[in-house]
Structures are given as structure tokens and as C-alpha cells.
Amino acid sequence: MVDVRDDFQYDFFIQLNDQARCWFMIKRRTTMNKLFSGILATIFSTCMLSSIGYCDEAAISDATAECLECHAMQHPGIVKDWQDSRHSKITPGQAIKVKGLGRKVSSQSVPKELSATAVGCAECHLLRPDQHADTFDHNGYNVHVVVSPQDCAVCHGEEAAQYQKNIMSHAHKNLAGNDLYRQLKTSIIGKSHATRTQLGFTPADPLTEADACYYCHGTRLRVSGTQVRDTELAGEMEFPVIEGWPNQGVGRINLDGSMGSCTACHPRHTFSIEVARGPYTCKECHVGPDVPAYPVYSASKHGNIHSSLHKDWNFTNVPWTVGKDFGAPTCATCHVSLLANPDGEEIVARTHQMNNRLPWRIYGLIYAHPHPLSPDTTIIRNKDGMPLPTDLDGGYATKFLIGPEEMKQRTAEMQKVCAGCHDTSWVTGHWKKFEHVIEATDAELRTATGLMQEIWKEGLALGLPHGRNPFDEAIERKWHRTWLFYANSIRFTSAMAGGGDYGVFAGGRYQLSQSIAEMHDWYNLRWKPDHGK
Amino acid sequence: MVDVRDDFQYDFFIQLNDQARCWFMIKRRTTMNKLFSGILATIFSTCMLSSIGYCDEAAISDATAECLECHAMQHPGIVKDWQDSRHSKITPGQAIKVKGLGRKVSSQSVPKELSATAVGCAECHLLRPDQHADTFDHNGYNVHVVVSPQDCAVCHGEEAAQYQKNIMSHAHKNLAGNDLYRQLKTSIIGKSHATRTQLGFTPADPLTEADACYYCHGTRLRVSGTQVRDTELAGEMEFPVIEGWPNQGVGRINLDGSMGSCTACHPRHTFSIEVARGPYTCKECHVGPDVPAYPVYSASKHGNIHSSLHKDWNFTNVPWTVGKDFGAPTCATCHVSLLANPDGEEIVARTHQMNNRLPWRIYGLIYAHPHPLSPDTTIIRNKDGMPLPTDLDGGYATKFLIGPEEMKQRTAEMQKVCAGCHDTSWVTGHWKKFEHVIEATDAELRTATGLMQEIWKEGLALGLPHGRNPFDEAIERKWHRTWLFYANSIRFTSAMAGGGDYGVFAGGRYQLSQSIAEMHDWYNLRWKPDHGK
Amino acid sequence: MVDVRDDFQYDFFIQLNDQARCWFMIKRRTTMNKLFSGILATIFSTCMLSSIGYCDEAAISDATAECLECHAMQHPGIVKDWQDSRHSKITPGQAIKVKGLGRKVSSQSVPKELSATAVGCAECHLLRPDQHADTFDHNGYNVHVVVSPQDCAVCHGEEAAQYQKNIMSHAHKNLAGNDLYRQLKTSIIGKSHATRTQLGFTPADPLTEADACYYCHGTRLRVSGTQVRDTELAGEMEFPVIEGWPNQGVGRINLDGSMGSCTACHPRHTFSIEVARGPYTCKECHVGPDVPAYPVYSASKHGNIHSSLHKDWNFTNVPWTVGKDFGAPTCATCHVSLLANPDGEEIVARTHQMNNRLPWRIYGLIYAHPHPLSPDTTIIRNKDGMPLPTDLDGGYATKFLIGPEEMKQRTAEMQKVCAGCHDTSWVTGHWKKFEHVIEATDAELRTATGLMQEIWKEGLALGLPHGRNPFDEAIERKWHRTWLFYANSIRFTSAMAGGGDYGVFAGGRYQLSQSIAEMHDWYNLRWKPDHGK
């Protein structure tokens, strides 16, 4: 007899005999659903099988019921999403009782008042009203619009705490609070002023920033006032006006002062593990030449197997079991998820810090380097006092970066994931090649940066030595593409053991060597014996 | 008891009791099919359930039966496609009886002679024989090769009429009939002639045009003669020779004089709603840097949710119900489909005009602008008499464009779709940002266009002021990428509230500001005090 | 009664009556599995259906059982993969008995000692121990790490033989053994040395080569020594150290001297036909601008239909039946697979030579040309004695290329595939356009190559006439992108009748004409009357 029950995941059961029950989960949206329902109905009616039972629906709070009265009509999409979610089907009181690796509520306890009802609209949007600057009176309830990681932390405390150690939670601050990065930002998204004799970029306005860098990095939210709107169902009502909204960037500064957005990866209102575990979520931000993780993955052996077979995999089981639930890793497998072997033993623990299986930081800056110690990178200074984790020669700002022991430990943690499917010779061969590629790309960047420094020295462009924006001129852009785009792509490709073309022809070595040749060509054409200071 | 019957969608039923039937649709190609069939067979045989019934198959006309005799052997793929299609399963006479939003035949009536049989080969390829220049005698039938929107209009009249108002139906004409666009075309796909002292492009030949621009825009079909071929099954037969064929471009000029190709989105011979509703159909033409709608969508939150979960969605239900059938929009959801809420009420009407939920035209030309009034854009003249919807400064050719009222109305229509899942603060915040991005990108294009005009004035390139092709020289191409590629990408990214990298690093602001810096660099290097007129 | 049994594909059956059985295959990883199991269990228990039987599991050899003892714990992923594979479910002795087109073991006989057990770890990794340089003693067994095509050939002899005629099997050798290609490789992935007065690239180190070109082309494997490792389960053990490992490139030089890697397309340890038939496998190597087959396909009509509907197709049936198993071709359909019509008759034979449905070689070199006669292209010399299949003017090195008769035959073979879904006017129209595009792109390359030759002649760059690397300078790279990237993309787009943007704006004609304009611009700026020799 098959009993596939797993606490609270299923919608109804058939009582097969005195002990055994057969549990079913029906995804609401599936076409298959209709067929299954039909088949089951047939079985029940024709076989006189009387003992069908339904799992207890989680009770809905009165406040949530009141929300639904209007909003189920106004915004059926999100309400249906929520109805499909685990949040609608189980109470925190039930969820916290789950034993072992399957437990999803990580907080040690949940508030009594949240314990006995499903996690509905009111349970999140009424939480901690005093903490949220956007709390407003809405039909007698103190509602806030933007739910923050600190709200989620009420039940999911460990994940929220891990995430604060994740450099991603500081994505807004690390960009906005670093003078050098701000200059890069201005050179890319700023307002241009160009005539023959003048080329300059002034800082972008807030709406452009929100649409560009901060779309992924997260905006700083601010309540700028209130607005009365004539609503369809309740006439005139007053709402807060929130600058920087809507936004779901990973380092959003929320209206309770917290940093981050859980919906960046667990999109509203399904808050789905399935979505977060797929590679498409990471793709939202990691797709361009600056950080081509998704394209590289999708062209790798792992990505191929995922694309070919994932329709038959299970993306909701907790823990996530190698071999049984999936046949090749996604982004989450290697970087986030709690993994188990088929005997139910933990392979690696869940982490929302996300870089604690990563010794190297391989993108975004001139050279690869060990990961920063603190998620707040604005505190880093290299030996020249610049807010960079390496010198212009590639030397590390050691004091601010993890040391060899921590790097070794993180490497070992990642290799536990590799070992789920690969033998030791494979794993060590792969890592040897990857670490060599870090060295080799850094050597190329020394060539490019050396040329840039010569060009500055000759006065053919105005940059660091002149106290000018080192990123805005045509030749400076050619230089920053070498590290911002091409060396990155090469390292991602090597790290993921795949996506060969991305390491060579698709924004990799081809374009890196081309850029160096073009920098040389540009320099030679303009150089004259009487240049320089 | 579950009764999931929906007129004519299902293949067979199980009679459960006197009243209730359980209906099943079996997709012919599914592996699952085997399992279902097996399970059902088991139920029927072991449970002594005798009352299984099959939906009436639609009768096939004698003419179609005769077609199938040879063609089912010759081209099994398309015949199987058709057998999987709704066209093979239902007669127009049955289909027109469907009440309410589910009705798919929009014409007020269908010809009596088509009413009682399935829509097979003969029903389309023998239709309106006098109207088609490629009609030829084929085994005693007056067959035409290319079925046109006017043929489809016999049953689907409203869609065909809407589509004629769609700028896409004029895609061939609007390109071929605009002198300025023709120069752009020649500079891109023309035959090059280049030596040190000379650079020129002459118009491309028809086969190159058909393979390039007109692959998407549609070719002009023309019968150039006939050809006798020795066929496997019937010996020598004569066929028309059609220039510009094969082609399925959206603005194809057909052999009955009509414009468009329904198979551009509803590919032969399934004519599938499922295919047309998926984002991959739009991707066929909207994938490159000139119009990166698909890449942007696929990296957006909507695209992520679609990629992660669409296997469980229903892409065939009519109307298409928010929340129930799907959990995030595809291209069709926002731009084409009839949407309903879970109570079965219409949210927005179906439209094959496709731009009537769109106030702004955000790509293809120097500046964004309100949509043209007429789908025929060859009539547009700006204040300088050029066939462009804006001046070189960005001013609108107002007379030819929709006005503020119509823009407001179209915005409201689109916002009804947004409201299916988003609250008002979200929707208005999004639109405010989007409309600002239109302004901000247009400002950048004024910088780039200003540089271009200076360069022309100085005689460093020969373009508009000299009566020369303004698009063919290296520096002119740098200029047209600013609007043809980069500003477009930024606006698409903003419009779809997603795909952040496409707005910055992947052909967005990074490349836009880079192009401006490079134009400045190019200009300065070549400028000499004695240049100019 | 439905009997869907197909030899050895199914896992268990229900005995419905004396003769009929209903067979079921349960994919181990599917979520659906749970539902099916539940439903079936319900049927069996409630209907008193007693006669459920399980297909005989294939016996596992003692040696394999011993492998699994440790490795199932160490690497659960690959063991589960294997358990999901056909190799675990059927013995070669059973498989060779399959009659007709469904037979997968192509060798005339299989060794007796392999005949009666499943194809497990030991069956492959102990095979031909004397032939493999990496054979080592492992718990008393002579194990080799790297399984080669010659191992697979024991059962799959025909495919292995065909593959040796495939130019892909020579991918390492053809690159490493061609002086001119080596110069191109060095200019792309070599170590740069650049100052104002000097620009040079020296050959890349072996780890960079393995991470770059040889990731796809295949590395040359070499045992460089042995290593003792302290293993978790068995204490200290000695293993071979293999340079160039891990690698799954198509032309890998194996430790038995053979060339190729079956796992390039049939990834370990499912050895899946399903994976190999999907387009994502080819994408692993054919995705960048040098060979954009996948992006072009995915934006084509075929690719659209695949993306939209493939979840309902069957990717495991052998033969693969047009219309029944699939509704649009993938890469494998046109280039590799054995196809049948719905009557079970062969349309085209399986081929692992892969170019024998291809008259033209359309990428990788300056001009398109007929396919080489030998998979070893290092023997080719053009009329100037260069190792290229064409002259710099485009003339063919005829002696080394297939002739008109063979081209005609290969075209006819491919057109049999086209005819599965398209009529003759479609097919001939398509091919006429494609062959014209080959001519037209070659004409553009003559313009670009002519400019390059002039520039060399004037001494503005140092290349072929000077005995210098003709690929490494900035202007030379602009030239090689015209053929290495853009003409290729255009031809792929034309060949696949789709992906319009890739033929124009996405690395196609737009960039080709731009490059020619930029070469002209570069040349003019630098040219002075006193240049040249």
C-alpha cells in the first residue's frame, strides 16, 4: 500500500483500510486536475468507496476574511496565488510541530495570536504596525503595504538572520554608499552632456535609478505623503504614497528600516519554494554580461539536464533529495538549499547567506578576490585607501576579506554538493581548473589595467590620477568591460563547469583579448612623443 | 460529482449516473495518455462500468477525405497537427452555437456549405477560389496554396477585421513604402561596395529581403508561372510557382490582395490558441536588440513565474481566467486575449488590433511617441516633411498620432489587466516610472542626435543635410544603435517592470551612454579647426 | 482494451483478462508518480484486482553490486541516474532480441559475459582494461575512470563507427593540428602582452585551453601519475591522476586512443535518448555567436512549437514517429535520428555521422563550402597551400571536399525530413532562398576580406603577407568577426527557416554591414599617401 502522506502537503485522502490512507495533492491550476478529479470521482462513485476524507482546511482569521471580501474581487490573481500557497493551508501552530529536516518554520516559537489560523492577508500586512512608516488606517485596521523580512522573520527567523549576513541584503547600501561605485553608476545611467568639446554625465534622477540599478539592488522606500483615491468598492479612501515603490530588489531599504525583500525570490503571493528553487528566479538579476550566471548555467551540462528533464522533478520537497527529487542542480541546489541523500541524511544545511559555500568573489570588480568578511562592503579600503577589495595591481585588501581557512572551509562545503554526483577526481580536477582560471583572468586584467594607467599617465584620458571620473570616457569604458563583463563571464563559465561559449565567444576570452587589442590600437593612434606630463 | 464538460472540448465521457457525466479530453501526443487510457480501461473492465460514450466526431467532407488520401501519407506531420486541432473535431455549425465568452467563431453566420463538416483541408484551401491568384486545378479541385486572413475571416470575422487595424498587418507596406526606412534597410542588408575611397550599399535582392526584413514583416507574394513536377503518387502535375513563398510574416501581401498571415501566430496546422498564447510565438520576431520583448519578458518577474510554473497552467480555456488558468501574464495576456475573472466576468475584451491597450510606441524610431492613428504609417509626415512620427528634436507629428484622450483610454484598458494581480499603488507607481523613462531616454537620444547633426554639419559624415543615406557610415550606425537598439531595450524593460539587466548592462543604459561617449571620442579625433562649411 | 506494451519500456502491468495486459511505466522522479501510485493502489485494493505483475528486473552482476555498495552512498546522484536509465532495466541479451526499427543494440552480437546482466558500473568501467591507460587496481578490480566510445561500441557498434566519420570526433585534432587555426586560437585565448609599442599573444596554458576551446572540442587525456587519497569508506587508496580530466568534449582524445565522448550528448549516467534528442544538448556547444544554432532554433517557428508543446511529446520512442511522437523537429530530428512515419516505415535512417544530411558547411571559416570529404581536416590545402577549404577569394579546395553528386544526395536526404510536414513548393522555395543566402553572404565576405588584404598591403596591419599572426590586431578581429560570427548567424538563420532577428539585428546582417563600414572608417583614418611598400 502506498502512503505518500507528508504533513500538510496534501489536500485529501482515501481511506484504504483501517490504517492506511492514500493522500492526494491537487494543484488547483492544472488541466490534469480535471482528469484526476474525474477519475477519482469515478472510482468513488462506482466502487462504493465511501471513505474519502479531506484534510482539514486551515481556518482563516476574521481579519483576513474581511480583506478577502473586497480583494478577492479586486485582485483575483494574487488571492488565487495565496490560495495555492502553503500559507493558506496550514497554520503556524501546525507547521512548527513538524519534526526533522522537513520543518519550514525555523523560529523557536510563533506568537500565540498567529498560531491557529492560516497565514492570510491580515497575518502579514497587520504585523508590527508600529514599526512600519507606511502603516495607515484601512477600514479600521492598521495595514502596511510593504511586508519586510522582519515581518517574515516572525516565523522564519533563521532565514531572515542568515539573509542579513548575505551581501545581497546590503545591495542598495553597498552601491549607494561607495564613492567609486557611484561614479561608475553615473557614467552608466547618468544624464549625458555631450558636444565636441565636452563629455560629462550627471547623476541620474531617482526614478531612473529605481528603473535601472535599484531594480535589482533594491530602492530606498520612503513615505512622501498620503493620497485620497476614489475606490470602486468603498468610495474615497486615503493611502500612503511610497517613493521607490513598487520594488522587489534584494537590498531594498524597507519602511521598518530593514534591508532586503523576500519576494525577490519567493514571489507574492505563492511565496513558492518551487519558484525560488528554479533557475529562472536568479535569472531576473543574473542574466546580463555583468553577471551572466543564468545564460552560463542554461548552456552547461547541468542546465541541459535541467531543461530536458525538470518537468519530472520535484521542486517542493523539503529536504531536497539528490537523485530522488532532481537529477541535476539548479542555482539553489548549490548555493542555498538544504540537501539530503536518499537515506534522509543531511548533505549540506540550508543557508540564506548564500556565499558560505563560496570561497571566491568572481565578479563585479577589477580582480577576483576572497569574499568580504562583512556584508557591508562600504567599509573596505585597499592599500591606497580606495573603497575596493583589491589594489589596482590585484593585491587583496586582506584585512577586509575572509582568510585561507575560511576559504578552505567554504570550498569543502561546496564540494559536498559536487560529491552528490561526482567522484573525487572529477571534483578536484574541476576546482584546480577553476582556480587556475581565476589567476589567468586576473593576469589579463593586469594587462588591461596597465594600459589604462599608461593612458591616464599620458593624459590621453582623464581619470584616477586627475581626480576625474575614471569610468566615463570611451577608452575607460573599453577598460571596464574587460573586468565588468568579460573576465566575469569567463569565471562564471569555469565555475559552473559549462557554458563553453560564454567563456570564449559569447562575451568571454574572444572579447577580452579583443578589448586589449583595441585599447592598444586606440592608444597608438593617439599617442604623440610630446604627450604626457 | 465533478462535471468538467465544456462544449466540444472533450473526447469522451463516463456516464456516472442518470444525470452526471464525467468528460475527458485526451491529448493525442501525450505520454500521459497511455497511462490514462490504461487506468480508464482498468476501471471500465474491472468495475463493470459499461456506460462509456464518445463525443461525436465531426464529419469530414468528401473533398477533405480525398485530400487526406494522398497527403496523410505524403506529409504525416501536418495531417496529425490538424487531427490534434479543434478544427478537426468540431463543425462551424456546432461552434457558432456556443454561448457567451467561450464562443470562438466570431462571424455572425457561417456559410451553409461549411456548416456541417469539420474544418479540413478542402474547407480552407478551396475557399474563395476566384480571389486567389494561385488557384490551380488539382485533381479536379480549384485549390490555392496560400490561405489568407480573408479566408479565415469567413468564420473569424471580428479577429480578421481587428487585425487589419493592427499596424502589424501593414508591416510589409510600411517598410517598403517609406523612403527613409528603405535607406535604413539598404544600409543594413544591402550589397556592400567598399574600398578605401568608397563605401556604399545598393539595395538587397528579393531573396535576401525575404530572408531578412521580410521574414518577419512579410513578403509580397506573386505567382510567377507554373511548373510541372513528377509526383510520387500521381505522376506529372502542374503547380503554381509563387515568389516570396514560403513566408509567414505578419504583413505578408497575399495572393488575394489581403495583408497578414494568421499562421504567424497560430502555426499550421494546429492553429493553436495554446501556441499563440505562449511567449515563444512573439519571440519569433521580438527577440533581437531592435525589439527585445522576449528576452526582457523572460527575465522579468512575470517571465520567471511563467517559466517556473506554466506547465501547470491552462493555455486553451476561453475566456482565459486570471488566477484560475494562469498565475502570471504572457505577451498575449496583456496585449491580445479576452480575460475573465473567476466569476466569469469579462476583464478586457479580446483584440487582434494589439495596440489598443498601448498608449506609447516605444521602439523602432528615434523617439518614443503616441501610437499612429492609422496602421498605414507611410502617410505620416513630420514638420520637416520627413516620413517620421517625430521631428529630429523629438516633437510629435501630432496630426498623425493618437491624442491624449485616446492615450488615457488605452492606458486605462491596460491597467485593467494589471489590476488583476496588483493594487492601485503598485500600478500607478509602475506607470509613473515607465512614463518617466520614456522622457529620460528621449533626452539621451537628443544628445546623440545633436552630436550626429554636428558631425554632419562639420562634413565629417555625409547624411541628411547632404541628401545622402543618413544610416550607412560607421558613425551613423553608432548613432542609430542608440535609438534602434538601446533606448528601445530600456523602455521595454521599464514597460514590463522587469528584466533589469536589459535596461542597464544587456543592451541598455550601459551601451547607450557608451555610444554617446564613443560618438564624442570619434568626433574629437577627426575634428579640425578648418572643418565645416 | 488498450495494450501499450513496448518491449522492456514499462515497469509493471495489470492483468486485465486472460490475454490482455495493461503496461505502466513509472518515472521515478515524477510528482505525478505519487498520484498514479495512489490511484492504482486504490483500484487494486478496492476492486479486488489481484493480478498485478512486475516486469522482471534485469539482474545485476556481482561486480556491479560490489560497486554499488560504496558508491550508492558516496554519489547517490549518479546511481539514481543509472537506476532511471534503460541500462539498469534490460540486459544486452534481451535488448539484442528486439526486432525491427526499435532495436537499440546495433552490434551484431554482444559478448556472452555481458549478455545476462544489466549494464551496470562494472560492465562499462571494467571493459577492455588492457586498452585504457587509466586502468588501476580498485578493490581487486581493474577499473578505468574514463569510458570511451570504443567501450560503448561493444553494444552500439554502428553508432560508434558512424561517429568516427563525424567531423566532431576529430574536433580536438582538427584544431590542435592546424597551424592557421592555432594562430586564431592564440589570438583569442592566448596570454596578452600589451604596451603602447607592443601587442602580442603567446599560446594559452593547458588548463586555459581545457577550460576554453577544448571544453567543447575535447581535451587530450593523459595519465600523469598516481595519487593516494584517504577515502571515507576504505581508507587509503591509490588512483590515477588524469590531465585534461574532467572533460566531455566531442573530440576528446581518450586513454585508449579513441576519439570522442558519447557523454557529450548522452550525459552520465542516464545515457538518455530523451536528453540527446532535446535541443538543450546541442546548445551546450552551439550557443555563442560563432555557432548560434540554438538561439536561432529557439526563435524559429520550429523552436516556438517545441517550446510551447514539447511537454506533451514523446522523446524516448524508437523509431521516432513524425506527427505521433512530436509536432516539430529538434536538432536531432533533422541531423541524427531515425524517423518513421505513422505506418512505422522508415523516413530516414539514424546517423551519428551527423553531416550526411548536410551538403554545405556554413560556419567556422571565411566562406561557406561543400563539406570536407574526410573528418580529418588537417590534410586540407587550398590552392595557396594554406590549411583551408577555400582560397581567400572563396574558391573551393575541391579535391578535399564532397562533389556535386554527394551534395545532391545529402540535400535529398534532408528534404525527406522536411517533407514530413511540408509540401514540395515549400521545401524547394526554402532551399532556393538558403542557397542564395550562401552566395550573398560569401559576396559580403569578399568585400571584407578585400579590405583586409588592402590594409595588409598598405602595412597598416601585419598579417598573412608579413608572416605574422593574421588574427590578433584590432582591425584583423573586426575582419574575422564578419565570417566567424555574422555571416555564420545569417546562414544558420536561413538554413533553419527562422529566427529572423538573428539574420538581421542579433549578430547578423546589421553587424556584418556595420563591420564593413567600420573597417572602411578605420582604414581611411589611418591611410596616408606615403603608406605601403
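The values are calculated or read from the model by the stated rules, or taken from the named source; none is laboratory data. What you are looking at is a predicted structure, and each value in this text was computed from that prediction instead of being measured. Here the Cβ positions follow ideal geometry from the backbone for every residue, glycine too, while neighbour counts run over all protein chains shown.
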### Message
Based on this model, can you work out whether A:Ala332 counts as free of Cβ contacts under 8 Å to residues at least 24 places away in the same chain and either assigned to a helix (DSSP H, G or I) or surrounded by fewer than 19 Cβ atoms within 10 Å (Cβ to Cβ) (or both)?
### Response
no
#### Entry: region A:75-95: number of residues that are more than 25 Å from the chain's Cα centre (by Cα) and surrounded by fewer than 20 Cβ atoms within 10 Å (Cβ to Cβ)
2
### Query
What do you reckon, is B:Thr441 within 29 Å of A:Gly244 (Cα to Cα), at pLDDT 95 or above, within 11 Å of chain A (Cβ to nearest Cβ) and touching a His at 6+ places or on another chain (Cβ under 8 Å)?
no
### Message
Restricting to region C:270-285, name every residue that is more than 16 Å from A:His310 (Cα to Cα) and out of contact with any Cys (no Cβ under 8 Å at 6 or more places or on another chain).
### Response
C:Lys283
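So for region A:518-529 (the condition being touching a Ser or Thr at 6+ places or on another chain (Cβ under 6 Å), at the interface with chain C (Cβ under 7 Å from one of its Cβ atoms) and at pLDDT 95 or above), does at least one residue qualify? Full working, then the answer.
Residues of region A:518-529 that are touching a Ser or Thr at 6+ places or on another chain (Cβ under 6 Å), as a first pass: none.
The answer is no, given that none of the residues of region A:518-529 is touching a Ser or Thr at 6+ places or on another chain (Cβ under 6 Å), at the interface with chain C (Cβ under 7 Å from one of its Cβ atoms) and at pLDDT 95 or above.
Considering every residue within region B:415-436, establish whether at least one is closer than 12 Å to B:Tyr523 by Cα, of a type outside the set (A, V, I, L, M) and either more than 8 Å from chain A (Cβ to nearest Cβ) or touching a helix residue (DSSP H, G or I) at 6+ places or on another chain (Cβ under 6 Å) (or both). Outline the logic, then answer.
Taking region B:415-436 and keeping what is closer than 12 Å to B:Tyr523 by Cα, we get none.
Taking every residue of region B:415-436 in turn, none turns out to be closer than 12 Å to B:Tyr523 by Cα, of a type outside the set (A, V, I, L, M) and either more than 8 Å from chain A (Cβ to nearest Cβ) or touching a helix residue (DSSP H, G or I) at 6+ places or on another chain (Cβ under 6 Å) (or both).
For region A:251-264, check the following and say yes or no: at least one residue is on the phi < 0 side of the Ramachandran plot, within 11 Å of chain B (Cβ to nearest Cβ) and under 10 Å from the mean Cα position of the chain (by Cα).
Within region A:251-264, the first condition is being on the phi < 0 side of the Ramachandran plot, and the residues that meet it are A:251-256, A:258-259, A:261-264.
Then keep just the ones that are within 11 Å of chain B (Cβ to nearest Cβ); that gives A:263-264.
Now restrict to residues that are under 10 Å from the mean Cα position of the chain (by Cα): A:263-264.
Yes, there is a match, as at least one residue in region A:251-264 is on the phi < 0 side of the Ramachandran plot, within 11 Å of chain B (Cβ to nearest Cβ) and under 10 Å from the mean Cα position of the chain (by Cα).
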### Evaluation of B:Arg468 against (1) within 21 Å of B:Ser187 (Cα to Cα); (2) assigned to a loop (DSSP other than H, G, I, E, B); (3) facing chain A (nearest Cβ under 7 Å) (one fails), failing number
(3)
### Selection within region B:296-320 - assigned to a helix (DSSP H, G or I) and closer than 24 Å to A:Leu309 by Cβ
B:Ser298, B:Gly303, B:Asn304, B:Ile305, B:His306, B:Ser307, B:Ser308, B:Leu309, B:His310, B:Lys311, B:Asp312
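Confirm whether B:Ala412 is part of a helix (DSSP H, G or I) and within 30 Å of A:His269 (Cα to Cα). Spell out the reasoning first.
Values: part of a helix (DSSP H, G or I): yes; within 30 Å of A:His269 (Cα to Cα): yes.
So B:Ala412 passes the test.
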### Task
Among residues belonging to region C:225-247 that are among the polar types (S, T, N, Q) and free of Cβ contacts under 8 Å to residues at least 24 places away in the same chain, point out the one that is nearest to C:His172 (Cα to Cα).
C:Gln227
### Message
Which condition from (1) crowded, with 19+ Cβ neighbours inside 10 Å; (2) within 28 Å of B:Ser109 (Cβ to Cβ); (3) among the basic types (Lys, Arg) is the one that B:Lys173 breaks?
### Response
(2)
### Query
In the set A:Leu512, A:Leu460, which member is more than 25 Å from the chain's Cα centre (by Cα) and crowded, with 23+ Cβ neighbours inside 10 Å?
A:Leu512
### Task
Would you be able to say whether some residue in region B:84-93 is within 14 Å of another protein chain (Cβ to nearest Cβ), part of a loop (DSSP other than H, G, I, E, B) and at pLDDT below 95?
yes
### Query
So is B:Gly385 on the phi > 0 side of the Ramachandran plot, more than 22 Å from the chain's Cα centre (by Cα), among the small types (Gly, Ala, Ser) and buried (at least 18 other Cβ atoms within 10 Å of the Cβ) or not?
no
## Note on the structure
Filtering helices (runs of 4 or more DSSP H) wholly in region C:112-212 for at least 3 residues that are facing chain A (nearest Cβ under 10 Å) gives C:179-189, C:206-211
#### Entry: Lone qualifier among C:Pro267, C:Pro295 - being within 13 Å of chain B (Cβ to nearest Cβ) and under 20 Å from the mean Cα position of the chain (by Cα)
C:Pro295
### Summary
Considering residues that are within 18 Å of C:Thr231 (Cβ to Cβ) and aliphatic (A, V, I, L, M), the number found within region A:417-436 is 2
## Note on the structure
All-but-one check, A:Thr281 against (1) part of a loop (DSSP other than H, G, I, E, B); (2) under 16 Å from the mean Cα position of the chain (by Cα); (3) of a type outside the set (D, E, K, R), failing number (1)
### Task
Report whether or not B:Gly450 is facing another protein chain (nearest Cβ under 8 Å), out of contact with any His (no Cβ under 6 Å at 6 or more places or on another chain) and surrounded by fewer than 23 Cβ atoms within 10 Å (Cβ to Cβ).
yes
### Query
Within region A:473-480, is even one residue in contact with a helix residue (DSSP H, G or I) (Cβ under 7 Å, 6 or more places away or on another chain), under 30 Å from A:Ala204 (Cβ atoms) and facing chain C (nearest Cβ under 8 Å)?
no
### Message
For region B:167-181, check the following and say yes or no: at least one residue is farther than 23 Å from B:His269 by Cβ, of a type in the set (A, V, I, L, M, F, W, C) and in contact with a helix residue (DSSP H, G or I) (Cβ under 6 Å, 6 or more places away or on another chain).
### Response
yes
